[in-house]
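Scroll down for the structure; my scribbles are underneath it.
Laboratory data are not the source of any read-out in this text; all were calculated from the coordinates shown. These numbers come from a predicted model, not from an experiment. Using ideal geometry, Cβ is built from the backbone for each residue, glycine included, and neighbour counts are taken over all protein chains shown.
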Amino acid sequence: MSVDTHDGHGSEVEDLSADEYGEGHHGATDKQYILIAVILAAMTGLEVTLSYVDVGPIFLPALIILMIAKFVTVVSYFMHLKFDNRIFSMMFYMGLILAVFVYVVALSTFHFFGS
Amino acid sequence: MSDAGTPGATPPEDKTSGHGAPDLGNDPSSPGNALTETIDEIPMGGIPGPGPAPDVDTGAERSGLTDMPEESAERDEHGGHASTTGISNNKLAMWLFLGSECLLFGGLISTYMLYRGRHSGSLGPDQIYDIPFTSVSSFVLLMSSLTMVLAVSSVARGNLRNTKLWLTITALLGATFVGGQVYEFTTFYREGLGFTTSLFSSSFFTLTGFHGVHVTVGIIMLMALVGMISRGRVTGDRAEVVELIGLYWHFVDIVWIVIFTLVYLIPA
């Protein structure tokens, strides 16, 4: 480890060797983050491809599954929810589930009782 | 009376359970029982008069009660203030805020889904959207999430120079996304799709506009953060602020993941 750089305002900049920070902030390394980003980009490409290719009845489920997979991947790894305290997961997913439940019910109501 | 500091004595065990909550069971070494034990040992004769206080072991030091103020001032591993739950209050508040934001965007997305068929024939979603352009915008925002997580990773290692670099790149990618959105809105307007043209256009502009405002707020926070780091105000124990802004930025990204699929890719 070497501490050799200053940015001119009194803040120290530490440069650690790759071995020292191999385990990143919450157990993932920078290389793993890049790999996850590549996977997310590939899933986005697949989504766009699906919208141009006629794949029949699996079109909608495939898009929804890809969307959920991307969503969960970002939340779990980029937002560190997979590695963090479970109370954070509860806070977030409770809001999310409540939102999905409320609006699915609302849309269903409009669907069945709307003019 | 106290053997806590006696060499060879059994070291005190971690009296926490679950998420750091103290275990208040019938453990004889628990603070409550230690105090009771101490009261029993106070000699009869009442309270001593004025004068130097006798050196009485109250049991508080042994039980760690006197350390409470110092302990509460400590910070957790991410630099946030430690709380009785053992987790950062700031981070908990941010997650709570993001959970409530799900309700906001859920309402806007639902409104769009409800009204996306309410338009004049030639200015509907299937005619007006430019999927290749929006796909590139989505890719840009997705990559900004990568640069943001690299910034958080850098600050966790104490590398402030790389943190500033990644934060600046994140802000630039965000600005590119917002620029693309402004271009898209301008194009739609020139084609005749204004905010009040139809229920479809109103719900579309409201939904994507709200998201764009969130991205813009995120860019402002990122640039403010870069300025704070440059002035040396985000060091060591305050590094958690980078993670908090990162959480906000990733949330903006996941909202767009949903919007891109439900609004742009699924035909009306």
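For A:Ile68 and A:Val53, the difference between the fully extended length at 0.36 nm per residue and the C-alpha to C-alpha distance is 3.3 nm.
For the pair B:Met228 and B:Tyr189, a Förster radius of 41 Å applied to the C-beta separation gives a FRET efficiency near 0.65, rounded to the nearest 0.05.
Extension gain for A:Met94-A:Ser76 works out to 5.0 nm (0.36 nm per residue, less the C-alpha to C-alpha distance). With the simple model of a label 7 Å out from the Cα in the direction of the Cβ, A:Ala41 to A:Phe113 spans 4.9 nm. In terms of packing, defined here as the mean over residues of other Cβ atoms within 10 angstrom, the peptides B:101-114, B:157-170 line up highest first as B:157-170, B:101-114.
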